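Down below is the structure, laid out as structure tokens.
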Amino acid sequence: MKISKGKRLIFLVLAVAVVCSMVFATCACQNNGPVPMAFDAKSKYGIYWIGEDGGDYVRSSKDMDVKYFDPSKPTFVFAHGWEPDKANSTDGLFEDFVTHKETVSKTGTDDIRDYAAQLKEKGYNVALLSWFSYARDLSRLFKSIWISFEDGYALSTRFAMELAIVLGEDYKSDVKMVGHSYGSQMALATTYQLIEFQKRGMIVNDNIIPTRLTLADPYFGDKALIAGWDNLAKKSISLIGEKLKARTPAKLFADVLESVVDKKDVAADMYFGMSMASTMYYKYDGSDANFEKLSANCAIVNCKGLRDKYGDTNIHNVVRDWTLLSIVDDVTFADAPSGAASDVQIKAMRGKCYNQTYKGFDLAQDNVVLADRMTGEFL
């Protein structure tokens, strides 16, 4: 059967259209090049830099006074988690970087610390990743951190851009990233984004990428508590374009941590507290591939003594303060993790699990010991 010239022309046009659509789709999927970096200095979410006085702070800007950011000093970055109210906030902007009010009420401690001021005294630039006003709807935090925020880049992408712009090409010190609760996901995702920026040629300075991830009672998350999970599970990580492929938050966390450690040898230590945040999402007897991956790439401490003393649901913020105190007071334990242990020491402890033992909130009397999770001792 002969095909008319007109039909041949139509077939040819359709074929070209199909091929072009395939090429464009491929280009879109494989577009790993740089994208413009910028940040909105007037937004309420963003990075706040602490001055010499803990109550003195500014939003990121170019050419900040050295009392807020000194490029010759190491940088300490803190990411807060879910914030249901303003009880622990300065001006509703960021979580007050002092001993948490819940820690005071649960433990009765009268040792109130200003972590920002003490870290400044130790020679750090102190930066707070703040999304306080946007972190009240627990069901939407996962999307805001990993997928998208206000129909644009996720907050982790925006924080990574802001941090990279402030530190700049000439920064020669290092970055320590600390996260609490859902802020642990923010800390990890922001680090992941910075690594991707470097891969795409958006940054060239290796010193911008954190060398340390210290996570206090990280919240891994239950997909049943995430709004629109069935739809989100089909989405991709902001900017990176990596498909979620319906991975649970616990699996995603383990996968991303593995990638961060594999690509940049980041030292990671985690301090587990209440079961609702961490321990209920994994199995510890060697049967859970997700936990084996997580464990292989970090050192993990189960705050068992605090849980035994104050109760499972009461220690989420206590673990936050326990971890921060270990850093500002330079508390270390023999052959065991702490926030003050060196990166080299933490890397040597990868794959091991430990128990915090003292039944009370006093690091001077505390100890951390190696645990055998195969016998259930770790739990």
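Annotations for the structure displayed:
- Among the residues making up the range 340-379, those that are of a type in the set (S, T, N, Q) and modelled with pLDDT of 95 or more are Ser342, Gln345, Asn355, Gln356, Thr357, Gln365, Asn367.
- Residue count, the range 214-243 (criterion: in a helix (DSSP H, G or I) and surrounded by 14 or more Cβ atoms within 10 Å (Cβ to Cβ)): 3
- When the range 182-213 is filtered for residues that are polar (S, T, N, Q), open to solvent by less than 10 Å² (accessible area, probe 1.4 Å) and touching a residue at least 60 places away in the same chain (Cβ under 8 Å), the ones remaining, listed by number, are Ser184, Gln185, Thr190, Thr191.
- Of all residues making up the range 84-103, the number that are touching a Phe, Trp or Tyr at 6+ places or on another chain (Cβ under 7 Å) and part of a strand (DSSP E or B): 4
- Only listed residue being part of a helix (DSSP H, G or I) and over 17 Å from the mean Cα position of the chain (by Cα), chosen from Lys106, Lys73: Lys106
Let's see how each residue does on (1) surrounded by 18 or more Cβ atoms within 10 Å (Cβ to Cβ); (2) not aliphatic (A, V, I, L, M):
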| position | (1), (2) |
| --- | --- |
| Lys245 | no, yes |
| Pro249 | yes, yes |
| Phe253 | yes, yes |
| Glu258 | no, yes |
| Ala268 | yes, no |
| Ser275 | no, yes |
| Thr279 | yes, yes |
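- Of all the listed residues (Asp269, Asp262, Asp312), the sole one being closer than 24 Å to Thr109 by Cβ and under 17 Å from the mean Cα position of the chain (by Cα) is Asp269.
- Taken together, Ala341, Ala364 contain a single residue that is open to solvent by 40 Å² or more (accessible area, probe 1.4 Å), outside any helix (DSSP H, G or I) and of a type outside the set (D, E, K, R), which is Ala364.
- Residue pairs whose Cβ atoms lie under 8 Å apart, separated by 6 or more positions or on different chains, with the first residue in the range 227-253 and within 17 Å of Met280 (Cβ to Cβ) and the second hydroxyl-bearing (Ser, Thr, Tyr), are Thr248/Tyr281; Pro249/Tyr281; Ala250/Tyr281; Ala250/Tyr282.
- Some residue of the range 319-330 being open to solvent by 40 Å² or more (accessible area, probe 1.4 Å) and in a helix (DSSP H, G or I): no
- Filtered residues of the range 261-317 (kept if in a helix (DSSP H, G or I) and acidic (Asp, Glu)): Asp262, Glu292, Asp308, Asp312
Per-residue answers, yes or no, for (1) part of a helix (DSSP H, G or I); (2) farther than 19 Å from Tyr271 by Cβ; (3) of a type in the set (Asp, Glu); (4) open to solvent by 50 Å² or more (accessible area, probe 1.4 Å):
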{"residue": "Trp82", "(1), (2), (3), (4)": "no, no, no, yes"}
{"residue": "Ser133", "(1), (2), (3), (4)": "yes, yes, no, no"}
{"residue": "Phe142", "(1), (2), (3), (4)": "yes, yes, no, no"}
{"residue": "Glu162", "(1), (2), (3), (4)": "yes, yes, yes, no"}
{"residue": "Val178", "(1), (2), (3), (4)": "no, no, no, no"}
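The values are calculated or read from the model by the stated rules, or taken from the named source; none is laboratory data. What you are looking at is a predicted structure, and each value in this text was computed from that prediction instead of being measured. A quick note on method: Cβ atoms are made from the backbone with ideal geometry, for glycine too, and the neighbour counts reach across all protein chains shown. When the accessible area is computed, the model is the full protein with side chains, heavy atoms only, and any ligands, DNA or RNA have been set aside. Shrake-Rupley method; radii C 1.70, N 1.55, O 1.52, S 1.80 Å.
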